[in-house]
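Okay, so here's the structure we're looking at.
The values are calculated or read from the model by the stated rules, or taken from the named source; none is laboratory data. Please read all numbers here as calculations on a predicted model, not as lab measurements. Cβ placement follows ideal geometry from the backbone for every residue including glycine, while neighbour counts extend to all protein chains displayed. Calculation scope for accessible area: heavy atoms of the full protein, side chains included, ligands and nucleic acids excluded. Shrake-Rupley method; radii C 1.70, N 1.55, O 1.52, S 1.80 Å.
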Amino acid sequence: MSIKKKDIFLLADSVVDLRFIYEILKKKHNVTWVFYYKKNISQAKDLGVPDKNIIFLNNKNILFLVKKILQFPLNKLFGYSKINHEKELLRNIKKIDLKFKPDLWITDTAGILSKINTEKKKATFIHSVPYKKFFLNKNTLCYDYVFIPGDYHLNRILNFYHDKKKELRKKLIISPSPKIIPYIKQKNFFLKKSE
């Protein structure tokens, strides 16, 4: 009897942060990349990701409309207001979630996926430079799992959200940056659940 592979969707701002996670997961799971920047498609293909496992949220029509609207100073006269790209992006991600029902979403961009209630669990790796500035952001509370770089971040988050310590202890996981995973000799070290 074969066990059904889990469907894992990676919502990525860049292939760089999640490519090593992809390499680990693809061995046992169906992994699909979801991009909103076209440059990431070729980077994913360089990793050997098949076309069927890449979803590109193409907003060409919206971008074209915005350019047209911005050319006319009287855009409000025509009933147009500023088009919200983020709103459209969130709507498209929600459609993907409802259509494919992935078992897990993983992102390197905590802000976007935090605004969507997904059918199943979602996780974020917060290891980029902006994390130094935003790791205390409320969007941390919107994930089932939050992978953080170390004890310092864990303690800062727990102290900042002292009234939510119990909830956060279940979701905060100390792990190395996905970028250094290939250099870690002992793969068991990969996760350290907060205590």
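For the reader, a short list of remarks on this structure follows.
- Residue check, Ala110 modelled with pLDDT of 85 or more, touching a helix residue (DSSP H, G or I) at 6+ places or on another chain (Cβ under 6 Å) and either exposed (fewer than 15 other Cβ atoms within 10 Å of the Cβ) or not β-branched (Val, Ile, Thr) (or both): no
- Whichever residue in the range 1-49 is in contact (Cβ under 8 Å) with a residue 12 or more places away in the chain and small (Gly, Ala, Ser) and, among such residues, is nearest to Leu104 (Cα to Cα): Ala12
Table: residues versus (1) in a helix (DSSP H, G or I); (2) at pLDDT below 85; (3) basic (Lys, Arg); (4) surrounded by fewer than 16 Cβ atoms within 10 Å (Cβ to Cβ).
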site: Val146; (1), (2), (3), (4): no, no, no, no
site: His153; (1), (2), (3), (4): yes, yes, no, no
site: Ile157; (1), (2), (3), (4): yes, no, no, no
site: Asp163; (1), (2), (3), (4): yes, no, no, yes
site: Glu167; (1), (2), (3), (4): yes, no, no, yes
site: Pro176; (1), (2), (3), (4): no, yes, no, no
site: Ile180; (1), (2), (3), (4): yes, yes, no, yes
site: Lys185; (1), (2), (3), (4): no, yes, yes, yes
site: Glu195; (1), (2), (3), (4): no, yes, no, yes
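- Some residue of the range 59-72 being at pLDDT below 90, open to solvent by less than 50 Å² (accessible area, probe 1.4 Å), farther than 19 Å from Phe100 by Cβ and in a loop (DSSP other than H, G, I, E, B): yes
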